[in-house]
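Before any comments, here is the structure.
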Amino acid sequence: MTEGARASHVFAIASGEVKALAESSSGNPVLLALIGPDQTIGLLSAFDQGPREFTAIARNDVTAWILTDQQFGRMLTQLPSVGAAQLEAVATRFRMSIRMSVERSDDLACRISKQLQTMSADTGCGKLDLTQSELASWVGASREATGRCLGRLRVSGAIATHRGGITILSNEKLARFQTSHHYVCLETTMESPLPL
């Protein structure tokens, strides 16, 4: 499945994991999501007949059910509960994209710690097969800045890193990087009077 291509199928992931990548205006790949079991690929194109919104690349062995647009359309009309579930999935992804846009204003350690916790919760696993480049793309930072930030998280005991992956050692320590940022912002606001 390639970004911009004409869509004719919907894929329902049964097992495995798929990276959703889109190309930025500068030509760099941006990791949009990791899509796993019980999730679908190609919903937007099935609904509006538009081109694929991202390129899907298998991260490991993937098993998926493939439905043509016609089969998918019949399923939605014949099984309204499936249609409602698909609409909910689209709404969830839309909500996530809004959150990602808002969270780009957080400091990098905060964004990375939130992203790692979200991915861990989504996959149900503390060991994430994710490269620094993929994580950098996902949080909107350079690979170098992401590497430095991962070093801070590693020194704190929140994570361990290994080639091609990150292991969460302490969700509590990861969460500190989220709250400390907000706490610092509040302190700065309260202690720094506005000029009159």
Some residue of the stretch 82-90 being in contact (Cβ under 8 Å) with a residue 12 or more places away in the chain and either closer than 30 Å to Asn171 by Cβ or hydroxyl-bearing (Ser, Thr, Tyr) (or both): yes
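Picking from Thr92, Thr123, which residue would you name as being surrounded by 15 or more Cβ atoms within 10 Å (Cβ to Cβ) and either in contact with a strand residue (DSSP E or B) (Cβ under 8 Å, 6 or more places away or on another chain) or farther than 16 Å from Phe177 by Cβ (or both)?
Details: Thr92 fails: surrounded by 15 or more Cβ atoms within 10 Å (Cβ to Cβ).
Answer to the selection: Thr123.
If you go through the stretch 27-42 one residue at a time, do you hit one that is assigned by TED's automatic domain parsing to the domain that holds Ser97, among the polar types (S, T, N, Q), surrounded by fewer than 14 Cβ atoms within 10 Å (Cβ to Cβ) and out of contact with any Lys or Arg (no Cβ under 7 Å at 6 or more places or on another chain)? Full working, then the answer.
Start the filter on the stretch 27-42 by keeping residues that are assigned by TED's automatic domain parsing to the domain that holds Ser97, which leaves 27-42.
Those still in the list that are among the polar types (S, T, N, Q) too: 28, 39-40.
Restricting the remaining residues to those that are surrounded by fewer than 14 Cβ atoms within 10 Å (Cβ to Cβ) gives 28.
Keeping just the survivors that are out of contact with any Lys or Arg (no Cβ under 7 Å at 6 or more places or on another chain) gives 28.
Yes, the conditions are met somewhere in the stretch 27-42.
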Selection count, the stretch 48-85, where residues are outside any loop (DSSP other than H, G, I, E, B) and more than 23 Å from Glu23 (Cα to Cα): 22
The stretch 116-141 - residue that is of a type outside the set (S, T, N, Q) and part of a loop (DSSP other than H, G, I, E, B) and, of those, farthest from Ala89 (Cα to Cα): Ala141
Test set (1) more than 21 Å from Ala85 (Cα to Cα); (2) surrounded by 19 or more Cβ atoms within 10 Å (Cβ to Cβ) - Ala46 fails condition number: (1)
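The values are calculated or read from the model by the stated rules, or taken from the named source; none is laboratory data. This one's a predicted model, so the numbers in the text were calculated from it and none came from an experiment. Neighbour counts run over all protein chains shown; Cβ positions are idealised from the backbone, glycine included.
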